[in-house]
Amino acid sequence: MGTFSEQALLGQADLAQATLRALDTFADVLLAAEDGEVDYAFVAIENAIEGTVNITQDALAFDTDLLVQREVVLPVHLDLMARPGVELSDITHVYSFPHALAQCRKWMATNLPGAVPEPSNSTADAARMLAGATDEHLVHGAAIAPGHAAEVYGLHVLARAIEDHDDNATRFVLVAPKTIPAPTGHDKTSIVVFQRADEPGSLLSILQEFAARNINLTKLESRPTRRGLGDYCFVIDLEGHIADEVVADALRSLKSKHAEVKFMGSYPAAGSAEHEVRQEVADAQRRADDWIAELRARVV
């Protein structure tokens, strides 16, 4: 309760109607979906300041066969909170999810230079620990969490919006086994490409498959494969859907040229203009269909 994940999920009208089950860690959430204990998992995967949430990314890339169903982007504001009666000058330790601690590094260096940052399973878990604390470090500690967590756990907000950058946002993904949502015209596809050999031009040969087809990449990063030191794969998000022939052709070519390509989903992309973009694409496709039909009508 009181996490950014919950806030982002409840912002989706259909998901807000579902029966929710909270688990301790992102790994637990993903494994519950993999094992069929829940229908869907909803987890953070990327932050605008700290980048990829590697726990989530690696679990999807290496440990599970879950597919992304949609993405949700949530603006993030972080508050500093403590037990009633605790003042800023009393704080010796600050608890939060590692990404949240990193997002407030400058503020903490200026306002709490002597406080020790302590990682927790989530921002809300840090607030929950403080609320039931008996340990001295927790009693005189603070948590970095969403403002709503203070209301949920009876804490006092000492400072609001302490993130180091105003445009902070976190990207979440809804995942489930097997299912691929139908294309909307405003979609993304996520894959992992494993190199056949570590040789000059390996990454270039992968990127050329997309450049040749005018496919835009929205994310590209390398991750260790866990198969040996120096053995890396590439995690790629691209615009388009597996149902789009140009995307399918690119993936087909990658699959034939590289040792392994893991498909992680085609899904609706987040964005404030989703409906307008989809309508524009639908109109363009209809005009193209009419054009092709008119040309074919001339065949004798």
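The values are calculated or read from the model by the stated rules, or taken from the named source; none is laboratory data. Note that the structure is a prediction, hence the values are computed from the model and not measured. Glycine also receives a Cβ, built like all others from the backbone with ideal geometry; neighbour counts cover every protein chain displayed.
May I ask you to list the residues in the range 103-130 that are surrounded by 17 or more Cβ atoms within 10 Å (Cβ to Cβ), in a helix (DSSP H, G or I) and aliphatic (A, V, I, L, M)?
Result: MET108, ALA124, ALA126, ALA127, MET129, LEU130.
I'd like to know if the range 56-66 contains one or more residues that are under 30 Å from GLY240 (Cβ atoms), assigned to a strand (DSSP E or B) and in contact with a Leu (Cβ under 9 Å, 6 or more places away or on another chain).
Yes: the range 56-66 contains one or more residues that are under 30 Å from GLY240 (Cβ atoms), assigned to a strand (DSSP E or B) and in contact with a Leu (Cβ under 9 Å, 6 or more places away or on another chain).
Considering the range 236-269 alone, what residues qualify as being in contact with a Gly (Cβ under 8 Å, 6 or more places away or on another chain) and surrounded by fewer than 17 Cβ atoms within 10 Å (Cβ to Cβ)?
Scanning the range 236-269 gives a single hit, VAL246.
Is at least one residue of the range 79-93 more than 24 Å from TYR153 (Cα to Cα), in a loop (DSSP other than H, G, I, E, B) and modelled with pLDDT under 95?
Within the range 79-93 (the criterion being more than 24 Å from TYR153 (Cα to Cα), in a loop (DSSP other than H, G, I, E, B) and modelled with pLDDT under 95), the answer is no, since none of the residues qualifies.
Can you tell me which residues in the range 176-208 are of a type in the set (Ser, Thr, Tyr) and closer than 13 Å to TYR267 by Cβ?
THR179, THR184, THR189, SER190, listed by residue number.
Can you go through ILE206, ILE242, ILE215 and tell me which one is out of contact with any Leu (no Cβ under 6 Å at 6 or more places or on another chain) and without any contact (Cβ under 8 Å) to a residue 60 or more places away in the chain?
Criteria check complete, one pass: ILE206.
Are any residues in the range 222-233 out of contact with any Asp or Glu (no Cβ under 7 Å at 6 or more places or on another chain) and surrounded by 15 or more Cβ atoms within 10 Å (Cβ to Cβ), and if so, which ones?
TYR232, CYS233, listed by residue number.
Can you pull out every residue in the range 101-137 that is under 14 Å from TYR153 (Cα atoms) and of a type outside the set (Ser, Thr, Tyr)?
Once the filter is applied, which keeps residues that are under 14 Å from TYR153 (Cα atoms) and of a type outside the set (Ser, Thr, Tyr), the range 101-137 yields ALA124, ASP125, ALA126, ALA127, ARG128, MET129, LEU130, ALA131, GLY132, ALA133.
Do you know which residues across the range 201-213 are assigned to a helix (DSSP H, G or I) and among the small types (Gly, Ala, Ser)?
SER202, SER205, ALA211
Kindly check whether there is at least one residue in the range 191-200 that is assigned to a strand (DSSP E or B), among the aromatic types (Phe, Trp, Tyr) and modelled with pLDDT under 95.
There is at least one residue in the range 191-200 that is assigned to a strand (DSSP E or B), among the aromatic types (Phe, Trp, Tyr) and modelled with pLDDT under 95.
Within the range 72-83, identify whether any single residue is surrounded by fewer than 17 Cβ atoms within 10 Å (Cβ to Cβ), more than 18 Å from PHE26 (Cβ to Cβ), over 17 Å from the mean Cα position of the chain (by Cα) and among the aliphatic types (A, V, I, L, M), and answer yes or no.
No: the range 72-83 contains no residue that is surrounded by fewer than 17 Cβ atoms within 10 Å (Cβ to Cβ), more than 18 Å from PHE26 (Cβ to Cβ), over 17 Å from the mean Cα position of the chain (by Cα) and among the aliphatic types (A, V, I, L, M).
Of the residues that sit in the range 125-169 and are at pLDDT 95 or above and among the β-branched types (Val, Ile, Thr), which one is nearest to HIS77 (Cα to Cα)?
ILE162
What number of residues in the range 131-154 are assigned to a helix (DSSP H, G or I), over 23 Å from the mean Cα position of the chain (by Cα) and not acidic (Asp, Glu)?
7
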